[in-house]
Amino acid sequence: MAEFLDMGKHAVFIWTAYGFSAAALVVLALRSRASQKASEEQVAAARARRKGDN
Amino acid sequence: MHRFANPAQFNRLADAVMPWAMVATVLLFGAGLYYALAGSPPDYQQGESVRVMYVHVPAAWMGMFVYVVMAVASFAALAWRHPLALLAGKAAAPIGATFTALALITGALWGKPMWGTYWVWDGRLTSVLVQFFLYLGYMALWKSMEDEEKAGNAASILALVGLVNIPIIKFSVDWWSTLHQPASVMRLDGPTIDGAMLVPLFLMAAAYQVYFTVVFIWRMKFEINNRKLSVMRSVDMGH
């Protein structure tokens, strides 16, 4: 494991590249999922309101 | 194509694909990261730094792939007034912009130890930066106009015009002298990279591809719901 994590003299560049990639992809996925869920609820609420009006 | 013009049909297809795409994303990232960080050898010239390739090249490929998706969707939106195609372009753009930004950032982090510089204004790096600005321009045009239809038209036209940049990115390393290495996978005579490095590269590329599918579906559903809400609002205001 120690050998696996030992990335030599350029380790900081390698881990920064992986860190940026992971952070950006995770944040994009979580935000996309959250706004999709919120929009799902808004549509359901709007439908319920319309039913109540009729 | 027009079978998917119906949001209900899109949602049915998306719901069928989603669980598989999510499982594939987790498995491919797991296997890809294992081979990228541990299960593949260091390069005889680049040493461990070659491992940046496994996050850099898939991001660069996907930045271009998503751009083509966005441009094809924009064409369908302009040519056939296809409402879902318009939303597909809008849903894809932030994902493509993220991939392109990651290609630029990881490229800089690879360039510094290998070339001695984070950045050069050569054909490859500049054309990828142009692609990033095309994505930002597309997203800005959507937000710039009150009238959704006009905004969508303007954004779609920009996406189509910007398509000319894709072959420039691809062939930039052949046309102009550069620090960037030439194509070593997508070559007519086959890859020039050792198989031990192609395994993590293809696993990570596949992981990025299925990741895109998952996030794209979420963003499509979000755009479809927003469209539904604005239709409902305008109907209610008509009363």
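The values are calculated or read from the model by the stated rules, or taken from the named source; none is laboratory data. As the structure is a computational prediction, the values presented were derived from the model and not from experiment. When we count neighbours, we look across all protein chains shown, and the Cβ atoms used for this are built from the backbone with ideal geometry, even at glycine.
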Search result, residues across the range B:189-211 that are among the small types (Gly, Ala, Ser) and at pLDDT 90 or above: B:205, B:206, B:207
For residue B:206: the one exception among (1) in a loop (DSSP other than H, G, I, E, B); (2) surrounded by 16 or more Cβ atoms within 10 Å (Cβ to Cβ): (1)
Residue B:225, sole failed condition from (1) without any contact (Cβ under 8 Å) to a residue 60 or more places away in the chain; (2) within 13 Å of another protein chain (Cβ to nearest Cβ); (3) loosely packed, with under 14 Cβ neighbours inside 10 Å: (3)
Single match in B:184, B:177 (criterion: touching a residue at least 24 places away in the same chain (Cβ under 8 Å), farther than 22 Å from residue B:135 by Cβ and not in a helix (DSSP H, G or I)): B:177
Close pairs from the range A:20-35: first at the interface with chain B (Cβ under 9 Å from one of its Cβ atoms), partner of a type in the set (Ser, Thr, Tyr), Cβ under 8 Å, at least 6 apart: A:20/B:106; A:21/B:106; A:24/B:98; A:25/B:98; A:25/B:211; A:28/B:98; A:29/B:211
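Table: residues versus (1) surrounded by fewer than 17 Cβ atoms within 10 Å (Cβ to Cβ); (2) among the hydroxyl-bearing types (Ser, Thr, Tyr); (3) at pLDDT 90 or above.
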site	(1), (2), (3)
A:7	no, no, no
A:14	no, no, yes
A:20	no, no, yes
A:41	yes, no, yes
A:51	yes, no, no
Any hit, the range B:68-80, residues being within 12 Å of chain A (Cβ to nearest Cβ), of a type in the set (A, V, I, L, M) and in contact (Cβ under 8 Å) with a residue 40 or more places away in the chain: no
Residue check, residue B:88 surrounded by 24 or more Cβ atoms within 10 Å (Cβ to Cβ) and either in a helix (DSSP H, G or I) or touching a strand residue (DSSP E or B) at 6+ places or on another chain (Cβ under 7 Å) (or both): yes
Flag for residue B:39 being out of contact with any Leu (no Cβ under 9 Å at 6 or more places or on another chain) and within 14 Å of chain A (Cβ to nearest Cβ): yes
Whichever residue in the range B:92-123 is away from chain A (no Cβ under 11 Å) and either modelled with pLDDT under 95 or not in a helix (DSSP H, G or I) (or both) and, among such residues, is farthest from residue A:12 (Cα to Cα): B:123
Qualifying positions in the range B:29-68 - surrounded by fewer than 16 Cβ atoms within 10 Å (Cβ to Cβ) and part of a helix (DSSP H, G or I): B:30, B:34, B:68
Failed condition for residue B:69, given (1) over 26 Å from residue B:227 (Cα atoms); (2) out of contact with any Lys or Arg (no Cβ under 9 Å at 6 or more places or on another chain): (1)
Residues (crowded, with 16+ Cβ neighbours inside 10 Å and more than 20 Å from the chain's Cα centre (by Cα)) located in the range B:129-153: B:151, B:153
